[in-house]
Amino acid sequence: MVFSLTQFEWPPFYTGLLAMLVVLAFGLAAVRNVTSAVPSGAQNLLESALETFQELVEQMAPKELAPNLTLLALTLFLLLVVANIVGLLPLPGIGGTRWIHSPTAFLSMPAGLAIVIFLLIQWSGIKYKGLGGFLVGWFWRPIPVFGFIVNALEQLVMPVSLAFRLFGNILAGELVLRMTTNLPHDWAGWIVVVVVGTAWLIFSLVISLIQALIFTILMVAYMSIQASNEH
Amino acid sequence: MSSTSLTLGNMIAGVLQWVILLILMRLYVYKPLLAAMQKRRENIGKQIHDADALREEAEKFASERESLLKQAREDAKTLIAQARREGEEEAKKIVEAAQREASYRQRTALEEIQRERDNALQTIRSEVAGLVMHATGKLLERNLDAKDQERYLDEVLQDAGQLQ
């Protein structure tokens, strides 16, 4: 693993941008003929997703945080779903690479998101427990002073596990799919490509959805726990 | 280029993509969508409210109609009873009047008969008196034996009988 301040990788940036535009296009399609009567098509789909997230967030988060957190989580979920699936599309590559990669199959984007989520978790702790309560939570629980070590571990594991879970799942999905296409191009190879490749593609699509949902729900859960924790 | 390398530029780009998408979605998608959903919620609430009001009104009308019907039935009953009573009274009056009329006529008829009889008796009396006078005169004119006397008396009585 290399950390670089200066390097920039374009494929995940392009595909991230593509995912962003796809989500935005879907959103605009949903509200193109927005109606307060019976919704249909894209509007219906987006409303269902929005209502599902509303219920989900309202179960966990503080009341005044819920509306904004719902939109934050829904946007993240939609972006991650499209970003996860982009890498599975059999599109011509950019810059000589055979596949378009998911931006989430690169560690940078999940890591960046996880760092922001880490900051959001701390922010919701300060906002809902007060700075004093927040600091007590960090340094004085479960035991004075040394509790900090436990808490630091716990708090740092959250974003790290978030980032690596998403990145690992999506990268694995892409790698295995790419391996099936690298098989020798004889009849046996083709059978494997069609049978295993198709099965793995369906599996990866499901994984893409599930991982996006896990990432988003964990963000909401961590923030809610930090906001409601009354130690 | 490795997918496990952590590049600051891509981290920032990933976060910015999320943030920018969130801003654009809030402005152009969530705002109208949430407004539409809110409006729908209000409409449904209003419709439920309206339906409740309509139902209440209908129930009120139904109970009103019920009570009106009840009232009308009672009125009809009273009217019928009254009409029957009046009819009975009327019939009684008619019968009484007829009875009065009949008894009056009977009485007058009896009086008439009485009067006629009295008149007849009066006539007979005066007639008989005349005959007696006549017979007496005849008897006084002739000296009759007892046998003749009896025969004359019979004649006289026969005359009287024919006269009557």
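Among the residues of region A:193-231, which ones are loosely packed, with under 15 Cβ neighbours inside 10 Å and of a type in the set (Val, Ile, Thr)?
Of everything in region A:193-231, those that are loosely packed, with under 15 Cβ neighbours inside 10 Å and of a type in the set (Val, Ile, Thr) turn out to be A:VAL194, A:VAL195, A:THR198, A:ILE202, A:VAL206, A:ILE210.
Conditions first: (1) out of contact with any Pro (no Cβ under 7 Å at 6 or more places or on another chain); (2) more than 8 Å from every other protein chain (Cβ to nearest Cβ). A:LEU71 passes all but one, so which condition is the exception?
(2)
State all residues of region A:143-161 that are among the polar types (S, T, N, Q) and either more than 13 Å from A:ILE117 (Cβ to Cβ) or not in a helix (DSSP H, G or I) (or both); if no residue qualifies, say none.
Listed by number, the list holds a single entry, A:ASN151.
Could you list all residues from region B:1-41 that are out of contact with any helix residue (DSSP H, G or I) (no Cβ under 7 Å at 6 or more places or on another chain), of a type outside the set (A, V, I, L, M, F, W, C), within 22 Å of A:PHE53 (Cα to Cα) and at the interface with chain A (Cβ under 7 Å from one of its Cβ atoms)?
Scanning region B:1-41 gives B:LYS39, B:ARG40.
Could you grab me the full set of residues in region A:14-25 that are closer than 14 Å to A:LEU78 by Cβ, buried (at least 17 other Cβ atoms within 10 Å of the Cβ) and not small (Gly, Ala, Ser)?
Scanning region A:14-25 gives A:LEU18, A:MET20, A:VAL22, A:VAL23, A:LEU24.
Quick one: would you say B:ALA83 is farther than 30 Å from B:LEU153 by Cβ and either modelled with pLDDT under 95 or small (Gly, Ala, Ser) (or both)?
Criteria met by B:ALA83.
Checking the condition surrounded by fewer than 24 Cβ atoms within 10 Å (Cβ to Cβ), within 14 Å of chain B (Cβ to nearest Cβ) and touching a helix residue (DSSP H, G or I) at 6+ places or on another chain (Cβ under 6 Å), which residue from A:LEU166, A:LEU162 passes?
The unique qualifying residue is A:LEU162.
The values are calculated or read from the model by the stated rules, or taken from the named source; none is laboratory data. Computed from a predicted model, the values in this text were never measured in an experiment. Cβ: placed from backbone, ideal geometry, glycine included. Neighbour counts: every protein chain shown.
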